[in-house]
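Visitor: Dropping a structure here in structure tokens format, bear with me for questions.
The values are calculated or read from the model by the stated rules, or taken from the named source; none is laboratory data. For clarity, every value in this text was computed on a predicted model and none was experimentally measured. A quick note on method: Cβ atoms are made from the backbone with ideal geometry, for glycine too, and the neighbour counts reach across all protein chains shown. Keep in mind that these areas ignore ligands, DNA and RNA; they rest on the heavy atoms of the full protein, side chains included. Shrake-Rupley method; radii C 1.70, N 1.55, O 1.52, S 1.80 Å.
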Amino acid sequence: MRAAAVLAEGDPLRLVAFVELHEPDEPPTRDDVLRPLRRWLPPAVLPADVYAVAAIPMTVNDKADLAAVRTMRDNPLAGAAGTVELRGTEVQAAHIFTAALAGTAAGRVGAQRPGPVPALTPDSDFFVLGGHSLLAVTMLAAAERDLGRTLPLGEFLADPTVVGLGRMLAARPREVAPALVEGSVHPATDVQRRFWFLDRVPELRRAYLAPAVLEFTGSFTRTDVDLLASCVAETMARHPALRSRFSLDAKTRSVVYTTDGSPPPVQVVEADPDRLAAACWTPFDLAREAPARAEILTTGTGALLVLSVHHIVIDGWGQAELLDQIATAYRSRAAGVPVELPPAVHPAAVRPAEPFGSSESVVARLADAPTDVELPRDRPRGRVQTTLAGTGSLTLDERLTAQLRATANDLGVTTFMTAAALFGAVLARTGTQRDFLFAFPWLGRETGEAAHAVGMFVNTLVLRVDLRGEPSWRELLGRVRDSSMASYRAAGVPFDAVAAAVHPDRDLSRPAVTPVYVAALDAPPAVPDFGPDVTVRFREPDPLHLKYELELVATDLPDALRLTLAYATDLFDAATVDGLLSGLRAGATDLVADPNAAVMKENSW
């Protein structure tokens with residue numbers, strides 16, 4: 001190839017490549033172009049389609065004219081379809097791919113890619129064909145349900161091809177999960193043990209609650225409120241995790257739980273100025289109370305549904321699943337049709353992720369990194385960490401976002417990697433530190449039965465952002481990509497094991513290992529569909545509480561990138577946070593202007 005351009009498009013985003021060939025009369029197949037990239041790029045960032053072009057059009061500033069490139073689709077490179085015959089379970093795997101890519105696999109994701117699905121070969125890659133990680137989860141869940149096979153997500157990601165899935169189908173006989181007797185005692189997971197311990201610290205208890213507030217407006221009558229309360233109560237009572245009770249087993253000195261407790265309470269009360277905060281943030285007695293509750297606050301012209309659940313039994317995916325099921329029940333009951341929901345999944349029935357790395361490898365990678373971050377605090381830390389929070393937000397405009405996405409695509413990095421690199425650059429530019437550790441979340445739902453499970457499966461991973469040695473933007477993003485991939489490979493290693501090794505002298509004044517958290521979202525959280533006649537939106541809880549001193553979340557919007565920075569108000573002023581957000585915009589501008597420029601160039605701040 002003489003030149004290439006890669007663009008992101010669609011919802012969710014997928015990559016499309018345009019290549020200028022050395023020998024246009026003898027074009028390669030799409031697989032010929034992509035095969036070398038698999039050696040160093042994760043499958044999720046390989047282009048889904050490749051088009052040959054006579055020449056990459058350029059702007060007057062000698063940059064690729066991305067708007068013009070996007071229209072050049074006259075000559076798609078063909079796949080290798082029909083060159084190799086599928087055999088045995090490969091045929092079954094190809095049917096599973098086709099169903100998922102056509103949008104017929106069960107789950108919340110739905111149809112993702114318009115048009116026909118191409119014929120497949122053994123080497124056809126799920127991600128190259130237009131799949132993505134969320135669709136992979138629902139595809140494997142549907143296959144497990146229909147075929148009775150155990151299909152771990154981590155194993156699939158190691159070889160996301162037709163032949164790879166076929167090999168998994170051939171090697172995995174039907175597994176019967178052990179019967180879970182109501183009242184049985186189950187060991188808490190590593191994450192649950194950590195959250196149980198943190199719940200012993202009064203100042204930290206609110207940080208580990210996960211409230212969701214839905215505001216219903218318009219003609220939402222008392223009859224509608226009563227129907228909503230009934231659907232919320234029935235749906236929450238279905239899920240074993242929300243009936244959990246946690247305790248410390250004195251004999252084994254370990255945290256255990258049962259799921260035979262009473263279901264979460266649901267109340268309908270009139271709203272008052274203090275009720276919303278109390279509904280969101282009142283801690284739970286994990287030994288005696290259900291770790292969840294719902295309150296519907298009537299406002300006269302509508303209502304607020306406040307759903308508060310302890311993080312020990314729910315994560316973001318589980319929260320979205322719970323809200324979707326409540327909305328499904330409401331729509332069905334309002335229409336007078338039977339309510340059909342996926343079977344409730346006991347959290348103990350969800351098999352944990354298989355570790356693809358060891359704690360020793362993680363510790364070795366982080367051994368010489370500082371376990372604190374030099375932040376521009378306006379006030380010093382106290383003896384015990386506090387959690388009251390504020391937020392600042394910045395949306396990069398359409399032009400800068402398009403340039404940033406194009407640059408990230410060129411450098412083979414994701415939105416998360418880009419955001420982490422930018423944040424590291426901002427902190428380096430405001431202080432003397434050049435080596436940072438950031439915490440970030442890992443979904444942890446490795447097997448199909450977890451797709452509809454309400455539970456806590458997320459693990460916390462650690463990313464190293466290293467700016468030592470005056471790197472260029474290209475070098476920094478390469479380092480962050482390598483660090484991210486190393487973290488993904490060791491995603492099953494418990495965070496506590498890492499913290500114990502790299503930060504043995506930690507105390508309660510700040511989070512273990514790092515006070516900074518970074519995450520990325522493909523899109524804003526989807527508002528559940530309660531029906532065409534119901535107007536509903538998310539409302540942010542007020543006040544807010546957070547787990548880290550600074551928490552950066554990058555959210556992809558259709559034509560923009562939103563950067564939200566939550567901060568501990570006991571440590572930072574809003575003006576300081578606004579300065580950090582401005583620094584993120586400045587860093588993004590510098591990056592797209594010249595990826596080969598030094599990150600720490602003079603007058604860069």
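Visitor: Tyr488 - would you say it is modelled with pLDDT under 95, open to solvent by 10 Å² or more (accessible area, probe 1.4 Å) and of a type in the set (Ser, Thr, Tyr)?
Guide: Yes, satisfied.
Visitor: So is Ala327 more than 23 Å from Val527 (Cβ to Cβ) and either in contact (Cβ under 8 Å) with a residue 12 or more places away in the chain or open to solvent by less than 10 Å² (accessible area, probe 1.4 Å) (or both) or not?
Guide: Numbers: more than 23 Å from Val527 (Cβ to Cβ): no; either in contact (Cβ under 8 Å) with a residue 12 or more places away in the chain or open to solvent by less than 10 Å² (accessible area, probe 1.4 Å) (or both): yes.
Spelling it out, it is not the case that Ala327 is more than 23 Å from Val527 (Cβ to Cβ) and either in contact (Cβ under 8 Å) with a residue 12 or more places away in the chain or open to solvent by less than 10 Å² (accessible area, probe 1.4 Å) (or both).
Visitor: Keeping to the range 491-513, report how many residues are surrounded by 15 or more Cβ atoms within 10 Å (Cβ to Cβ) and in contact with a Gly (Cβ under 9 Å, 6 or more places away or on another chain).
Guide: 3
Visitor: All but one of (1) touching a helix residue (DSSP H, G or I) at 6+ places or on another chain (Cβ under 6 Å); (2) at pLDDT 95 or above; (3) part of a loop (DSSP other than H, G, I, E, B) hold for Tyr548, so report the exception by its number.
Guide: (1)
Visitor: Which residue, of Val513, Val518, is closer than 21 Å to Ala425 by Cα, in contact with a His (Cβ under 8 Å, 6 or more places away or on another chain) and either touching a residue at least 12 places away in the same chain (Cβ under 8 Å) or hydrophobic (A, V, I, L, M, F, W, C) (or both)?
Guide: The match here is Val513.
Visitor: On to the next question. Of all residues in the range 92-117, how many are at pLDDT 50 or above, under 17 Å from Leu151 (Cβ atoms) and open to solvent by less than 60 Å² (accessible area, probe 1.4 Å)?
Guide: Residues meeting the conditions: 8.
Visitor: Considering only residues of the range 363-413 that are in contact (Cβ under 8 Å) with a residue 12 or more places away in the chain and of a type in the set (Lys, Arg), which is most open to solvent (accessible area, probe 1.4 Å)?
Guide: Among those that are in contact (Cβ under 8 Å) with a residue 12 or more places away in the chain and of a type in the set (Lys, Arg), it is Arg383.
Visitor: Tell me which residues, restricted to the range 521-536, are touching a residue at least 60 places away in the same chain (Cβ under 8 Å), assigned to a strand (DSSP E or B) and either under 21 Å from the mean Cα position of the chain (by Cα) or buried (at least 20 other Cβ atoms within 10 Å of the Cβ) (or both).
Guide: Result: Val536, single match.
Visitor: Also: Going through the range 434-453 one residue at a time, which ones are part of a loop (DSSP other than H, G, I, E, B) and either at pLDDT 95 or above or open to solvent by 20 Å² or more (accessible area, probe 1.4 Å) (or both)? Outline the logic, then answer.
Guide: Taking the range 434-453 as the starting set, the residues that turn out to be part of a loop (DSSP other than H, G, I, E, B) are 434, 443-447, 451-453.
If the condition is that a residue be part of a loop (DSSP other than H, G, I, E, B) and either at pLDDT 95 or above or open to solvent by 20 Å² or more (accessible area, probe 1.4 Å) (or both), then Arg434, Leu443, His452 are the ones that fit.
Visitor: Let me ask something additional. Only one residue in Val577, Val553 is at pLDDT 95 or above and outside any strand (DSSP E or B). Which one? Walk me through how you get there before you give the answer.
Guide: Details: Val553 fails: outside any strand (DSSP E or B).
Just a single option satisfies the conditions, and that option is Val577.
Visitor: Additional query: For residues that are within 20 Å of Leu508 (Cα to Cα), touching a strand residue (DSSP E or B) at 6+ places or on another chain (Cβ under 6 Å) and open to solvent by 40 Å² or more (accessible area, probe 1.4 Å), tally how many sit in the range 546-577.
Guide: Final tally of qualifying residues: 1.
Visitor: Continuing with this model, one more query. If a residue has to be modelled with pLDDT of 95 or more and among the basic types (Lys, Arg) to count, how many in the range 491-524 make the cut?
Guide: Summing the residues that are modelled with pLDDT of 95 or more and among the basic types (Lys, Arg) in the range 491-524 gives 1.
Visitor: Another question, if that's okay. Could you tell me whether any residue of the range 240-248 is over 23 Å from Pro342 (Cβ atoms) and surrounded by fewer than 18 Cβ atoms within 10 Å (Cβ to Cβ)?
Guide: yes
Visitor: Additional query: Can you pull out the residues in the range 485-509 that are part of a loop (DSSP other than H, G, I, E, B) and either at positive phi or under 24 Å from the mean Cα position of the chain (by Cα) (or both)? Give the derivation first.
Guide: First pass over the range 485-509, keeping only residues part of a loop (DSSP other than H, G, I, E, B): 490-494, 503-509.
Selection gives Ala490, Ala491, Gly492, Val493, Pro494.
Visitor: Also: What single numbered condition from (1) under 24 Å from Pro541 (Cα atoms); (2) buried (at least 22 other Cβ atoms within 10 Å of the Cβ) fails to hold for Gly316?
Guide: Failed condition: (2).
Visitor: Moving to a separate point now. Can you pull out every residue in the range 273-302 that is modelled with pLDDT under 95 and open to solvent by 60 Å² or more (accessible area, probe 1.4 Å)?
Guide: Passing the criteria: Pro273, Asp274, Arg275, Thr299, Gly300, Thr301.
Visitor: Considering the range 21-44 alone, what residues qualify as being within 26 Å of Thr415 (Cα to Cα) and either at pLDDT 70 or above or assigned to a helix (DSSP H, G or I) (or both)? Steps first, answer last, please.
Guide: Going residue by residue through the range 21-44, those that are within 26 Å of Thr415 (Cα to Cα) are 30-31, 33-44.
Selection gives Arg30, Asp31, Val33, Leu34, Arg35, Pro36, Leu37, Arg38, Arg39, Pro43, Ala44.
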